[in-house]
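Read-outs throughout are calculated quantities, based only on the coordinates presented, and are distinct from any laboratory measurement. Keep in mind that this is a model prediction, so the values were computed, not measured. Note that each Cβ is placed from the backbone with ideal geometry, even for glycine, and that neighbours are counted across all protein chains shown.
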There are 2 protein chains.
Amino acid sequence: MTGKRATRERPRNRPTLVDLAAHAGVSRSTVSLVLRGSRLPARETRERVLSSIAALGYIYDRTAARLRARHSNTIGLVVCEITNPFYAELTAGIDMMLDEAGWVPFLANTGESPERQKRLVQRMCEHGIDGLILCPAEGTSPEFFDWLQQHGPPVVQALRFVEQARSDYAGADNRRGMMMAAAHLIALGHRRIAFIGNVARTSVSADRLAGYLDALRASGIGADERLVRKGPPTIESGAGNIIALMQAPQRPTAVICFNDIVAFGATLGLQSLGLHVPRDCSVAGFDDVREASLWQPALTTVSIDALRIGEKAARLLLGRIANPDGPARRLILPPELKVRASSGPPPVAS
Amino acid sequence: MTGKRATRERPRNRPTLVDLAAHAGVSRSTVSLVLRGSRLPARETRERVLSSIAALGYIYDRTAARLRARHSNTIGLVVCEITNPFYAELTAGIDMMLDEAGWVPFLANTGESPERQKRLVQRMCEHGIDGLILCPAEGTSPEFFDWLQQHGPPVVQALRFVEQARSDYAGADNRRGMMMAAAHLIALGHRRIAFIGNVARTSVSADRLAGYLDALRASGIGADERLVRKGPPTIESGAGNIIALMQAPQRPTAVICFNDIVAFGATLGLQSLGLHVPRDCSVAGFDDVREASLWQPALTTVSIDALRIGEKAARLLLGRIANPDGPARRLILPPELKVRASSGPPPVAS
DNA sequence: AAGGGCATTTGTATCGATCTAATATTGTCA
DNA sequence: TGACAATATTAGATCGATACAAATGCCCTT
């Protein structure tokens, strides 16, 4: 009695193209065309299918579509540290842009581990991403990009880049930003300007140091390597390094820090020595994190619009996916100097 | 001359199960078993297939697998505001846990828009997610959860929850945390303790206010509604509200703020009135953001371990996917009070 | 009446994996 | 030797969509 295999029964309740076609009285092919927004089907047919979609509560299965169509409207987003507000902003910008275009990102956080990065990217490739936005982890080798070029989808690097890798890139002009900060201090009259940099071997670290040196060179002051120090991008590094600098004979009248966090540390370090900012020593940071303007004294810093960089990176990637060939593009957004209370003229005694 | 269709040519270079099977001299089925880590195939066969995988540079196609297997090892992660470091931490925790388990999250940011949230979740469903972690946007209706229950995968709410929604939940004990902060101030001798809350109608806002009221009630002080104010969670709100409070007749000797940002504002507001923290008025916040301990004075606050909550939420979801039935679970992690310099005994004149 | 052009619609093969049930192989024991 | 169980392997259908080429109408010429 159960043998009458009339309309084959499906246990799953989610309707498919076939159900839709039956309900609307057309073929699967026609339904598919409507789903994809083709203008081929007649207006009346389209409307009939559309109403069937609503009636059945149909949900499009993009995974099935992907298998045949060979693209997924999916990209990978691999960042080095999502808890850094800077990369969170980038992520928000990317997400916003992708949403508009109807795409969805897979997310992964590498925590600066190239091994983890490799594994995560590989996994995303298994999921059939059409493109990849990458903030390369510290120590990412150019060979990784060779592998990607061979086995992976198009890539856009964002905010950071690996020097020898041929790929699109969207980021900030760190070099120019740091140059602007240094030029500002020089214009105020400073001549002994220290730099507390980052130990990490990333493009960002190198560019920021280069910008500082550029400005000194351009103004004819020249660099004094005793005024250049490095450390991790932490409060402690900022405090420790400024204390060491102030206790050395070549005492600076101003200090530029790798980023705002280090600058916060430098401020605290100066205060712990009983020194006043900016009367005894000016301080400048980089990034313009939310707290920079609230700091006491409000921090002079360089602002990067990570949200916009995210949007640009996403746009760059979608363009590249649509048109995989063509030369690599580099999109470098200008930074903005925010002059606040932490910078002023050098002490007169100097 | 081109007609000799011997071995059908495939333009794509990515090898498939068929290539693997041919290379290893076994059937597709066997290869599939090996790929899925089944213990059915003989040791020797498994090793042969494994070496073919390496030899051909095979990349598993999970989208194809998903079509037949009806699960994707993919979940959706929908947060209300990724640029809030709090949710960024949560995201990092989730990502960490999922990575260990071999899963990948889709990410989307709703920016507190229920409409956007609906669209994004729907899109993720189209991509075949097996589960969803949601920090519901402000104003999410319980009906949305009904829709999900009907058409979507299992859901876990994180950090926030919609009251009437039946779903798993992982979050912090906001009520208890705020109670601890208030109890701390009461123990210091304060009797007129103000509260600057959040206007948003979220579970978090309600719970934090409730905790404050609990503590007052428990100590027999009772609430004075003139000391309770609300505003958006911004610096400006903190500053504006504390200034209004201090200029009213019922001047408080301490203030508890919805979160650290508001507390920063309150501190600045007090300072702008020429008042000293904590001598003239103690200040407490909530969240223990990174800057709280650096603030001048260092902020007394309640610490929430969002990273761990993220891990718990992910674990909860994976458990639920493996076993969809069973009662809804609520996982509520205890907060920790961080006593710092911004709280002290009330002014003696009081 | 036949043919050409255009707008619509559809049948069938296919994407790359998993699932099911059946078959091949081997070892053990009566 | 043959039956039986345990182990190892496989063929063929299938998941839900898209691609492609072919078919169908219909109107307008000639």
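Which log10 I(q)/I(0) values, to two decimals, does region A:80-193 give at q = 0.14, 0.20 Å⁻¹ under the Debye formula with one point per Cα? Summing over Cα pairs of region A:80-193 leads to -0.65, -1.12.
Take every Cα pair under 8 Å whose residues are at least 6 apart in sequence, average their separation, divide by the length of region B:204-316, and the relative contact order is 19 percent. Based on every Cα atom in the protein assembly as shown, Rg and the maximum pairwise Cα distance Dmax equal 29.2, 105 Å. The angle between the Cα long axis of helix B:174-188 and the longest principal axis of the Cα atoms of chain B comes to about 30 degrees, rounded to the nearest 10. Annotation: amide H-H contacts under 5 Å for A:Asp224 (H modelled 1.01 Å from N, sequence separation of 5 or more, or interchain): none. Note on chain B: with a GNM built from Cα contacts shorter than 10 Å, the maximum mean-square fluctuation among B:Ser113, B:Ser38, B:Ser141 falls on B:Ser38. The distance separating the Cα centre of region A:58-91 from that of region B:217-269 comes to 42 Å. Within the listed set B:Gly326, B:Gly274, B:Gly37, the residue fluctuating most in the Gaussian network model of chain B (springs between alpha-carbon atoms under 10 angstrom) is B:Gly37. Only helices enter this figure: runs of n ≥ 4 DSSP H residues, each worth -39500 (n - 2.57), summed and divided by the residues of chain B, yield -13500 deg cm²/dmol at 222 nm to the nearest 500. Per residue, the Cα convex hull of region B:173-325 amounts to 119 Å³.
Express as a percent, rounded to the nearest 5, the fraction of DSSP beta bridges in the protein assembly as shown (both residues included) that run antiparallel.
The answer is about 10 percent antiparallel.
Close amide H partners of B:Gly131, meaning residues 5 or more places away or on another chain with modelled amide H under 5 Å apart, are B:Gly76.
Summing Lys and Arg as +1 and Asp and Glu as -1 over all other residues whose Cβ lies under 15 Å from the Cβ of A:Ala215 gives a net charge of +2.
Here B:Glu115 yields copy-to-copy label distances, from shortest upward, of 4.8 nm, the label point defined as 7 Å from Cα along Cα to C-beta. B:Ile53 sits among other residues whose Cβ lies under 12 Å from its own Cβ, and their net charge, with Lys and Arg +1 and Asp and Glu -1, is 0. Comparing Cα centroids, region A:183-214 and region B:318-350 end up 42 angstrom apart. Between copies, the label points of B:Thr234, set 7 Å from Cα on the Cα→Cβ line, lie 3.5 nm apart, reported in increasing order to one decimal in nanometres.
Converting phi to 3J(HN,Hα) with the Karplus coefficients 6.51, -1.76 and 1.60 and the offset θ = phi - 60°, region B:235-242 yields 3, 4, 4, x, 5, x, 5, 5 Hz in sequence order, with x at every glycine or proline.
Within the listed set B:Arg201, B:Arg226, B:Arg48, the Gaussian network model of chain B (springs between alpha-carbon atoms below 10 Å) gives the highest mean-square fluctuation for B:Arg48.
Copy-to-copy label distances for B:Ser51, where each label lies 7 Å from Cα along Cα-to-Cβ, are 6.5 nm in order of increasing length. Summary value for chain A: 17 percent relative contact order, contacts being C-alpha pairs under 8 angstrom separated by 6+ residues. Kirkwood analysis of chain B, using all unique Cα-Cα pairs, places the hydrodynamic radius at 23.3 Å. So how tilted is helix B:114-126 from the main axis of chain B? Cα-based, degrees 0 to 90, rounded to 10. The helix B:114-126 is inclined about 20 degrees to chain B.
Dividing the mean sequence gap of close Cα pairs (under 8 Å, 6+ apart) by how many residues region B:8-83 holds gives a relative contact order of 29 percent. For region B:48-94, the alpha carbon positions stretch 49, 24, 12 Å along the principal axes, listed from largest to smallest. In chain B, the longest principal axis of the Cα atoms and the axis of helix B:43-56 are about 80 degrees apart. Scanning residues 5 or more positions from A:Leu331 or on other chains, those with amide H under 5 Å from its amide H are A:Tyr169, A:Ala170, A:Gly171, with H placed 1.01 Å from N in the peptide plane.
Where the centroid of each part is defined by its Cα atoms, how far is region A:131-176 from region B:94-133 in Å? Rounded to whole Å, the Cα centres lie 25 Å apart. The string of couplings for region A:283-291 from the Karplus curve (6.51, -1.76, 1.60, θ = phi - 60°) is 10, 10, x, 7, 3, 6, 5, 3, 7 Hz, one whole number per residue in order, with x for Gly and Pro. With θ taken as phi - 60° and the Karplus curve 6.51 cos²θ - 1.76 cosθ + 1.60 applied, the whole-hertz 3J(HN,Hα) list for region B:66-79 is 4, 4, 7, 7, 6, 8, 10, 6, 9, 10, x, 10, 10, 10 Hz, x standing for glycine and proline.
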